[in-house]
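These notes are about the structure you will find just below.
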Amino acid sequence: MYQMMTPGPTMVAPEVMQARSKEFANPDVDTDFCEEYHELCGELADLMHTGNEVYLLGGEGILALEAACASLTEPGDRVLVIDNGIFGKGFEDFVRIYGGEPVLYSSDYHRAVDVEKLREFLKNDHEFKYATVVHCDTPSGVLNPIGEICPLLKEYGILTVVDCVASLFGDEVRVDDWKMDVVCGGSQKALSAPPGLAFVSVSQEARDAMLGRKVPIASFYANLTTFFNYYKDQWFPYTMPISDIYGFREAVRLVREDTGRIKRHEKIAGAVRTAVRAAGLSVYVTEDGDNASTVTAVCVPEGVCAQTIIERMRTEYGILISGSIAELSGKVIRLGHMGNNAQEEKVEPMLSALTKVFEELGVVCRIPLEQTFSVEMKNQS
Ligand SMILES: *Cc1c(COP(=O)(O)O)cnc(C)c1O
């Protein structure tokens, strides 16, 4: 196999893999499972800095996004879709599928949302039931200031659905301080568990909106209200994927122990960006402060093919990096440094291999990537 340095999934700790292979209880019949699930959701809530209830769902991160939109959207609802990235724009589809009317607020994909401009926009148009926004839009690595955006939307009584799948546990997320209503996470990004589980935190206001609907939710699996009484009723709407949850729980334990993780992500991401620029290459996100700490999208130099870089990294150096999707496909390569992979001893070999691959393809780095990276890591410590 290869070192998986993609922006999700990541390399997974052996303890997590072992936990997944344990003998398992019957999650429908054994009430201990419900206690364990409840406790685990409480730990997630702590990590997200919220007193809101958190629910762990059997499905990939996408399920959290779809469930949020399915549960909130009633036919004809106007929904503000904040679009400065591919996942940001993607919410348009979920809103439409459930009968809502998406209104796109689009801005430059190379930078974070400008809060002052959004404020101006909202002065003229703020009749929205809720808004969607992505924290780290992974295909570009842009990081939006949700700590300012969500409170601003709240001034107009607009609920927020925030995709934190690729930021949580790598960049700071403070659900209550930032007045976020529905916050989505997934197992396979900075938590470093395998793909397969999603989770959401739901505020009281969002619960009220979901329960107070006139039109029933047009889904069963993506209906978040089916979870609202799980603990009281000791009942889940479907058999929970218990082995996945055992692994996930172990990953949460490791994250809780790793109290320096946010700082470490920041330091590594900063050093990667400095290295890319010092090499004479460019980072897709133009301002450092607008880039997430979990992923760096590097612009593919003129005359080089993204897929060739990725293939050579994998076949010659045993390191898997990623391209991008949709309109960024072929334009950037993405270096993941999230969760388990946010470690100097994993990032340095990736950069060293990338310097060599670039050279093989006729792109000579002004300063080898790994060299600047190592110096930066020393300087910052
Ligand atoms: C990975 C990711 C998701 C979940 O997508 P999957 O297809 O389930 O991996 C959602 N939002 C963002 C921003 C992501 O990076």
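Starting from 0.36 nm per residue, how many nanometres of slack lie between Phe121 and Glu327 once their C-alpha separation is accounted for?
71.6 nm
Not counting ligands, DNA or RNA, and with a 1.4 Å probe, what is Glu370's accessible surface area in Å² rounded to the nearest 10?
40 Å²
Could you give the length gained on full extension between Phe220 and Glu360, defined as 0.36 nm per residue of separation minus the Cα-Cα distance, in nm?
Full extension from Phe220 to Glu360 adds 45.1 nm.
From the convex hull of the Cα coordinates of region 44-97, what is the mean projected area in square nanometres?
Average of the hull's projected areas for region 44-97 equals 4.8 nm².
Where is the GNM fluctuation largest for the chain (alpha-carbon springs, 10 angstrom cutoff): Asp163, Asp181, Asp77?
Asp77
Evaluated at 4 °C with a viscosity of 1.567 mPa s, what Stokes-Einstein diffusion coefficient in µm²/s does the chain have when Rh comes from the Kirkwood expression over alpha-carbon pairs?
So the translational diffusion coefficient is about 61 µm²/s.
Can you tell me the length gained on complete extension of the stretch Ser243 to Glu43, counting 0.36 nm per residue apart and subtracting the Cα distance?
In short, 70.2 nm is gained.
Could you provide, to the nearest whole Å², the per residue accessible area of region 1-102 with probe 1.4 Å? Numbers along the way, then the final one.
Values: 4230 Å² over 102 residues.
Solvent-accessible surface per residue comes out at 42 Å².
Among Thr259, Thr226, Phe248, whose Cα projects farthest towards the positive end of the dipole of region 191-272, with charges put on the beta-carbon of Lys, Arg (+1) and Asp, Glu (-1)?
So the residue furthest toward the plus end is Thr259.
Would you mind getting me the FRET efficiency between Gln343 and Thr286? Use the beta-carbon distance for r and R0 = 41 Å, nearest 0.05.
Efficiency for this residue pair is about 0.90.
Please work out how much accessible surface Glu327 shows to a 1.4 Å probe, ignoring ligands, DNA and RNA, in Å² rounded to 10.
That residue has around 90 Å² of solvent-accessible surface.
Divide by every residue of the chain the summed helix terms, -39500 (n - 2.57) for each DSSP H run of at least 4, and state the resulting mean residue ellipticity at 222 nm, rounded to the nearest 500 deg cm²/dmol.
Result for the chain: -12500 deg cm²/dmol, rounded to the nearest 500.
Can you list residues from other chains, or at least 5 along the same chain, whose modelled amide H is less than 5 Å from the amide H of His337?
Amide H neighbours of His337: Val295, Thr296.
To the nearest 0.05, how large is the calculated FRET efficiency for Lys378 and Gln307 if R₀ is 45 Å and r is the Cβ-Cβ distance?
0.85
Near the amide H of Val134, under 5 Å away, which other amide H atoms are found, from residues 5 or more places off or on another chain, if H is placed in the peptide plane?
Under 5 Å from the amide H of Val134: Asp163.
Over 29 Å between C-alpha atoms is what I'm after, so list which of Lys89/Lys331; Lys232/Lys263; Lys154/Lys214; Lys331/Lys378; Lys117/Lys214; Lys123/Lys331 land there.
Too far apart for the 29 Å limit: Lys232/Lys263; Lys331/Lys378; Lys117/Lys214; Lys123/Lys331.
The values are calculated or read from the model by the stated rules, or taken from the named source; none is laboratory data. Quick caveat: nothing in here was measured; it's all calculated off a predicted structure. Positions of Cβ are generated from backbone atoms using ideal geometry, with glycine treated the same way; all protein chains shown enter the neighbour counts. Note: areas computed on protein heavy atoms with side chains; ligands, DNA, RNA excluded. Shrake-Rupley method; radii C 1.70, N 1.55, O 1.52, S 1.80 Å.
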